[in-house]
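Trainee: Please find one structure pasted underneath; my questions will follow.
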Amino acid sequence: MLRRKLLLVHGSLVGLLLIAAIVAISLLNDLLGDMTRLSAGTLANATRAVDVSGALTAVESALTATRRGEAADRARLAEAGARLRRAGAEWREVQPRVDSRLTPPITQLATAIDRMHGSSSEEAEAAAFEAARRLRQTLVTLSLSEQAEANRLEAAFTRRFRSVILGLGLAFLLVINTSIIVLLRAATMVVRPVEELVEASRELGRGRFDHRVRSRRRDEFGELASAYNHLARRLERNETRKIETMHQVARTLNHELNNVISIIDLQLELADRQTGDEATRSERMRHIHDALERMSETVGALNRVRQIVLTDYVPGMKMLDLERSVEERDATPPTGATAR
């Protein structure tokens, strides 16, 4: 019963910790995925912005060179315009929200470049330069806007990361504290009955057979307590029978010895009246009387026995210690004495 209970408690704690670890790993994995996507998106956005800016710089350089009227410069302008269209399309692919702001100025610049191929008038060149200037302003505005959006996303990710870490910390703190409380409770379930049984064993060793372990548990410790109480009751009954037997022997000896002592006292009184020196006779009579009183006290002590305590008579042989046997049960047997 107790083993199953402990296995259930420890199994539940292990399962709880395992679930908490799986949830924590899943949340952290999602956060790392979001961070990777955010970093990749920011890097791709910045790369495409740099590409568009570089293509625009090439267009502006080609426009400046085209004013000299060289055919090679016009070809380079057309190539720079095509590069600008590709860079703009790639940026819109990576970041669709820039389409509405980036497409119109690129289209205007491309149209102005096409017009320059058909006509080399100053008006066409001025329109191209103006379209390039507006595109540059749009690029600056878009770069600032995208940087602000990246900062906003990074701040949102940081807040989410902090919330997840704080939540996981509190969850693990709660799980760990709960585990400690449950383990302390489980330890108490084992330590307390062990201490009670150890103390009961000490009481039994002191000869206090009336001591009982009070336990209502229905597990292994309850069985041990029941077994101890059964043993203590048996020892108490045996001790009671021994003491009762000792009392019966004492009463029998008391009855027989009283008769003998009465006869001896009578004979001594007669002898005292008849013969002998007064001092010698009185001394002998006193010794005989003292011996008879000691016999009577010994028999009386046997009748007052409360527990049987043995002491060494000679090595390997025990005798009854009357002084200790007539004491109360809570008296500790002296060195060399054994309580039975």
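Trainee: Enumerate the amide H contacts of residue 321 below 5 Å, restricted to partners 5 or more residues apart or on another chain; note that Pro and chain-start residues carry no placed amide H.
Mentor: Residues meeting the criterion, in which the H sits 1.01 Å from N, are 309, 310, 311.
Trainee: For residue 326, list long-range residues whose amide hydrogen, built 1.01 Å from N in the peptide plane, is under 5 Å from its own amide hydrogen.
Mentor: 306
Trainee: For residue 155 and residue 100, what is the calculated FRET efficiency with R₀ set at 25 Å and r taken between the beta-carbons, to the nearest 0.05?
Mentor: Given R0 = 25 Å and the Cβ-Cβ separation, E is 0.50.
Trainee: If you don't mind, there's one more thing I want to ask. Express in nm, to one decimal, how much length is gained between residue 50 and residue 7 on full extension, taking 0.36 nm for each residue of separation and deducting their alpha carbon distance.
Mentor: Full extension from residue 50 to residue 7 adds 9.1 nm.
Trainee: Please order 312, 290 by the number of other Cβ within 10 Å, starting at the fewest.
Mentor: 290, 312
Trainee: Arrange the following residues from fewest to most other Cβ atoms within 10 Å of their Cβ: 99, 51.
Mentor: If I rank by nearby Cβ atoms, fewest first, I get 99, 51.
Trainee: Another question, then. Give me 175, 213, 140 ranked fewest to most by other Cβ atoms within 10 Å of their Cβ, as a rough exposure proxy.
Mentor: 140, 175, 213
Trainee: At residue 130 and residue 191, where each label point lies 7 Å from the Cα along Cα→Cβ, what is the point-to-point distance in nanometres?
Mentor: Between residue 130 and residue 191, the label points sit 9.0 nm apart.
Trainee: Right, here's the next one. Could you give me the ³J(HN,Hα) list for the range 146-163, computed from phi with Karplus coefficients 6.51, -1.76, 1.60 and θ = phi - 60°, whole Hz, x at Gly and Pro?
Mentor: 5, 5, 5, 5, 5, 5, 5, 5, 5, 5, 5, 5, 4, 5, 5, 4, 5, 5
Trainee: Starting at the first residue of the range 35-45, write each ³J(HN,Hα) from the Karplus equation 6.51 cos²θ - 1.76 cosθ + 1.60 with θ = phi - 60°, in whole Hz, x for Gly and Pro.
Mentor: So the J values, rounded to whole Hz, are 5, 5, 5, 5, 5, 5, x, 5, 5, 5, 4.
Any read-out appearing in this document is the output of simple, stated calculations on the displayed coordinates, not a laboratory observation. Not measured: the values here are computed from a predicted model. So basically every Cβ, Gly included, is an ideal-geometry build from the backbone, and we count neighbours across all protein chains shown.
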